[in-house]
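A.B. asks: Attaching a single structure in structure tokens format; questions to follow.
The values are calculated or read from the model by the stated rules, or taken from the named source; none is laboratory data. Keep in mind that what you see is a predicted model, and the values were worked out from it rather than measured. For neighbour counting, all protein chains shown are included, and Cβ atoms are generated from backbone atoms with ideal geometry for every residue, glycine included. In case anyone asks, the SASA skips ligands and DNA or RNA and just uses the protein heavy atoms, side chains included. Shrake-Rupley method; radii C 1.70, N 1.55, O 1.52, S 1.80 Å.
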Amino acid sequence: MNRQFLRVLLLSGFLIPAFIHSCTEEEPVHSGPELSLWYNEPAEVWEEALPIGNGRLGAMVFGRTDVERIQLNEESLWSRKGAYENADGSKAIPAIRELLFDGKYKEAQELAVQELLQERLPTGTNAYQTLGDITIIYEDSAEVTDYKRTLLLDSAMVHVDYTRSGVDYHREIFSSAVDKVIVYKERASKGGKIDCTIQLSRPGDGEVVMYKDDMIFMKQHVDNGQGVLYEARLKVLLKDGHIHSTGFGLEVHGTTDLEIRLFAATDYFGEARWEECEDCMHQTMKCNYTRVLREHILEYQGLFNRVSLDLGSSRYCDRPTNERLELVSKGKDDPGLAALYFNYGRYLLISSSREGNLPANLQGIWNEHLEPPWNSDYHININLQMNYWPAEVTNLSECHIPYLKFLGELRENGRETAQKTYNCRGFVAHHTTDVWHQTQLFGSPNWGMWPMGAAWSATHIWENFLFTGDTTFLMDYGYDVMREAALFMSDFLVEHPKTGKLVSGPSLSPENRFITPAGDTAAINMGPAMDLQIIWHLFTSVIEASQVLDKDAEFRAVLEAQVEQLAPVEIGSDGRILEWSEEGLVELEPGHRHISHLYGLYPSPQYNWADSPEYMEAAEKVLDYRLKHGGGHTGWSRAWIINFYARLKDAEQAYYHVQKLFELSTHPNLFDNHPPFQIDGNFGGTAGIAEMLLQSHAGYVELLPALPDEWENGSVSGLMARGGFQIDMAWSDGELSELQILSKLGSTLELRFASSEASLATTPGQLITLEDVLRVL
């Protein structure tokens, strides 16, 4: 059976696991220039290492030839040293609102700090932690030649190749979602030339490591029993030579073929996950390497191969990836690097977010610390949301599910916080949460007093439906979560005493502050722009979902009335959208990284050129002002700006900021540099590139809405548009030349490209070609 037929079966859903197991041996698909990151030297620091992952088990491969380091992660390995309490806001909230309505911002903020906001627990209190390292110490330390280290995006594996003492060495490292194992394979071109010592360790104190025969066991109950209990097991398999254990590792001598398999789990999900890991270990050990590798590639390619992107030829595709980045920073154009970055973003999402697991955190699943920056937790004032911006449009809807399910798990605590702190129904979450599902108020008033995290997250459920049309998921799960988030917001809104319009508050514009007319500095406000935009987005989504499901008409009517009464987002006298509710509030940091008052531009569909041109023009002025004052200085902020300009259909500005993302905010291994590393910028940048090529938020599918001159020739297949349309297209000299659209749901296709508009009725499974479109123009 040929590889292309296998791929067709995988993509169509007809290839079942039993068939995969029966496949004959064949070599993996080879990668082209836009499908591999490669380097001619080992990684010296973590940000140069290459990531692998199966959604749960991750590793960073350094590719060293003397002392190799494989840094490990298991997604549920978290500490737990403390917890927050729910503040009683029954008296404080009304008093704070009254002060804010009277313009007494300083006094309102002081009261919020005194009555509502708990002090943030120390860094590392509830943190995502490293599992540890596999260390491989090689006896031969002679000079190395012909070195190459490669991450193959289309097969999700790292290769390391080099020559030493006349022997060629080849390594393959991957993390299999099928067998739930990390595999390290090394071969020598001459017999018996691999001699090494293998160790498994973890920083800090308390881990118990045991070496026995050809295995290493490592176990620990984190934080003296308060965090999770984890266990890792490492198994060594040899083709020849021999192995024996010492008190310091497993010593391997005279082998030609070395294989290491690493299994790990925690008790976070209970006994079921332990049993699953144990069963996988026993079953996988019955399988040879070729079979484990084959099944890994076939399963992974079933997701990755759905989309293919070509942005034109590049004269630099034969350069190492770090050199390509350096050339871009010197002003060179490299369309292939943008395609590579896009493919890498999809690879990272597949590798860090799989159904049945936790969502990708601030660092995906890759973290080398016990006390990582910001605990490597879930910031839900943009960062977690940005992680999932590319999920639907790049045809990875299954990878979105961990986030949507995690949101539902916040409800139990979120209901308690809503009731006790705000006297509201429904559920609420603030700017940060973690695997322990905290929803309480804590931290500085500059970022802590923000009750919009659950509301924003809930809009992702509706986005999932718009792309997939999955009414079963919406009916059985999604609608109830959206409704509870909307119910909180419905209760939380109050009438402004001067306008009679509904506003939210006390709240803020994430992490930014303003200077009051009295000269004070504050952050808390009533009805900041982002709040109003999120509430509009959530309420209109729940209204539409209620109509689709033909249920909950009474609550729908309440939301419809509240949308009509919702305070409008204001445009200031200088033409910019006001970040806060009054013109006299001046931003303390005019170049702030958060550009929260453009939420209505992206990710929300609220503003577009056809229906609200005044807001689009005002958004342009916001961006001009922010950027002139140093905005976009973090990786994720720059990524957001790409999406803003794509929605504005400003192709050259969108492209400029893609280049700036590479130049200023990308590590050698293409990880996003906040600084430090945060994965959200990778995902936001990937979404931005897709948004430049395809948009569907405004009620129609638009092709090539923000195509820059630098990408004048190219093609893409497999991108998804709302309404369940899968898009394959090519363009030449900036004009559409080929088109095939698969209508998965049978929706009416409203299509726009260049200055053309077309409307076509479709049926499920129907293919629409460019010729079909041209006939109805």
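Quick grid of which residues meet (1) touching a Gly at 6+ places or on another chain (Cβ under 9 Å); (2) assigned to a loop (DSSP other than H, G, I, E, B); (3) open to solvent by 10 Å² or more (accessible area, probe 1.4 Å); (4) within 28 Å of residue 695 (Cβ to Cβ):
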{"site": "519", "(1), (2), (3), (4)": "no, yes, yes, no"}
{"site": "538", "(1), (2), (3), (4)": "no, no, no, yes"}
{"site": "544", "(1), (2), (3), (4)": "no, no, yes, yes"}
{"site": "568", "(1), (2), (3), (4)": "no, yes, yes, yes"}
{"site": "573", "(1), (2), (3), (4)": "no, yes, yes, no"}
{"site": "603", "(1), (2), (3), (4)": "no, yes, yes, yes"}
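A.B. asks: Considering each residue of segment 478-517, count those that are open to solvent by 30 Å² or more (accessible area, probe 1.4 Å), out of contact with any helix residue (DSSP H, G or I) (no Cβ under 7 Å at 6 or more places or on another chain) and over 16 Å from residue 566 (Cα atoms), and give that number.
C.D. replies: Summing the residues that are open to solvent by 30 Å² or more (accessible area, probe 1.4 Å), out of contact with any helix residue (DSSP H, G or I) (no Cβ under 7 Å at 6 or more places or on another chain) and over 16 Å from residue 566 (Cα atoms) in segment 478-517 gives 5.
A.B. asks: Would segment 448-458 turn up any residue that is open to solvent by 10 Å² or more (accessible area, probe 1.4 Å) and modelled with pLDDT of 95 or more?
C.D. replies: No; the residues of segment 448-458 include none that is open to solvent by 10 Å² or more (accessible area, probe 1.4 Å) and modelled with pLDDT of 95 or more.
A.B. asks: Here is a further query. Being part of a helix (DSSP H, G or I) and open to solvent by 50 Å² or more (accessible area, probe 1.4 Å) is the filter; apply it to segment 614-632 and report the residue that is farthest from residue 539 (Cα to Cα).
C.D. replies: Restricting to residues being part of a helix (DSSP H, G or I) and open to solvent by 50 Å² or more (accessible area, probe 1.4 Å), the top hit is 628.
A.B. asks: Is there a residue being open to solvent by 10 Å² or more (accessible area, probe 1.4 Å) and within 28 Å of residue 313 (Cα to Cα) anywhere in segment 757-767?
C.D. replies: no
A.B. asks: Of everything in segment 705-756 that's among the acidic types (Asp, Glu) and within 23 Å of residue 314 (Cα to Cα), which residue is surrounded by the fewest Cβ atoms within 10 Å (Cβ to Cβ)? Show your work before the answer.
C.D. replies: Going through segment 705-756, the residues among the acidic types (Asp, Glu) turn out to be 709-710, 712, 728, 733, 735, 738, 750.
Next cut, within 23 Å of residue 314 (Cα to Cα) only: 709-710, 712, 728, 733, 735, 738.
Numbers: 709: 11, 710: 17, 712: 15, 728: 18, 733: 8, 735: 11, 738: 13.
It comes out as 733.
A.B. asks: If you don't mind, another one. For segment 1-115, which helices (runs of 4 or more DSSP H) that fit wholly inside it have 1 or more residues that are modelled with pLDDT under 90 and hydroxyl-bearing (Ser, Thr, Tyr)?
C.D. replies: Because the criterion is at least 1 residues that are modelled with pLDDT under 90 and hydroxyl-bearing (Ser, Thr, Tyr), the helices (runs of 4 or more DSSP H) in segment 1-115 that meet it are 3-12.
A.B. asks: Taking residue 443 and the conditions (1) touching a helix residue (DSSP H, G or I) at 6+ places or on another chain (Cβ under 9 Å); (2) closer than 30 Å to residue 374 by Cβ; (3) small (Gly, Ala, Ser); (4) open to solvent by 10 Å² or more (accessible area, probe 1.4 Å), which numbered condition does it fall short on, given that it satisfies the others?
C.D. replies: (1)
A.B. asks: Consider residue 381 carefully, then state whether it is touching a Phe, Trp or Tyr at 6+ places or on another chain (Cβ under 9 Å) and open to solvent by 10 Å² or more (accessible area, probe 1.4 Å).
C.D. replies: So residue 381 does not fit the description; no.
A.B. asks: Any idea which of 303, 327 is in contact with a Lys or Arg (Cβ under 9 Å, 6 or more places away or on another chain), open to solvent by less than 50 Å² (accessible area, probe 1.4 Å), free of Cβ contacts under 8 Å to residues at least 60 places away in the same chain and among the aliphatic types (A, V, I, L, M)?
C.D. replies: Selected residue: 327, the only one of 303, 327 that is in contact with a Lys or Arg (Cβ under 9 Å, 6 or more places away or on another chain), open to solvent by less than 50 Å² (accessible area, probe 1.4 Å), free of Cβ contacts under 8 Å to residues at least 60 places away in the same chain and among the aliphatic types (A, V, I, L, M).
A.B. asks: Here are some residues: 589, 564. Which one is surrounded by fewer than 18 Cβ atoms within 10 Å (Cβ to Cβ) and part of a helix (DSSP H, G or I)?
C.D. replies: Numbers: 589 fails: part of a helix (DSSP H, G or I).
Criteria check complete, one pass: 564.
A.B. asks: Moving on to the next point. Would you call residue 416 surrounded by fewer than 23 Cβ atoms within 10 Å (Cβ to Cβ), among the charged types (D, E, K, R) and part of a helix (DSSP H, G or I)?
C.D. replies: It is true that residue 416 is surrounded by fewer than 23 Cβ atoms within 10 Å (Cβ to Cβ), among the charged types (D, E, K, R) and part of a helix (DSSP H, G or I).
A.B. asks: So, one more: In the list 345, 356, 336, 331, which residue meets the criterion of being touching a Cys at 6+ places or on another chain (Cβ under 8 Å), more than 25 Å from residue 455 (Cβ to Cβ) and of a type in the set (Gly, Ala, Ser)?
C.D. replies: Just one listed residue meets the conditions, 336.
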